[in-house]
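Visitor: Could you have a look at this structure, given as structure tokens, before my questions?
Any read-out appearing in this document is the output of simple, stated calculations on the displayed coordinates, not a laboratory observation. What you are looking at is a predicted structure, and each value in this text was computed from that prediction instead of being measured. Backbone-built Cβ (ideal geometry, glycine too); neighbour counts: all protein chains shown.
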């Protein structure tokens, strides 16, 4: 991929709903560009890890905040 392909890829990925769909399309297509496929797979893994961390922190701090409101 050359520079204009990367710029076009990043612009498409910035569009909110289209970007998420394109991450999955490019990550799991079998005959696409290997560099774009690996980039999208890496981004999806990073998103999954961050989502997991977010959910754990949300549960921990949500329980603490809820227990203070209820009075336990």
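Visitor: Normalise the Cα radius of gyration of the chain by 2.2 N^0.38 Å (N = residues in it) and let me know the number.
Guide: Dividing the Cα Rg of the chain by 2.2 N^0.38 Å gives 1.63.
Visitor: Say R0 is 22 Å: what FRET efficiency, to the nearest 0.05, do residue 44 and residue 6 get from their beta-carbon distance?
Guide: 0.80
Visitor: Taking 8 Å as the Cα distance limit and 6 or more residues as the minimum spacing, I'd like the relative contact order of the chain as a percentage.
Guide: Once normalised by length, the contact order is 18 percent.
Visitor: For the chain, take the longest principal axis of its alpha carbons; what is the angle in degrees between that and the long axis of helix 34-70, to the nearest 10 within 0 to 90?
Guide: The two axes meet at around 10 degrees.
Visitor: Between the helical axis of 16-28 and the dominant principal axis of the chain, each derived from Cα atoms, what acute angle in degrees is found, rounded to the nearest 10?
Guide: Between the helix axis and the principal axis of the chain, the angle is about 60 degrees.
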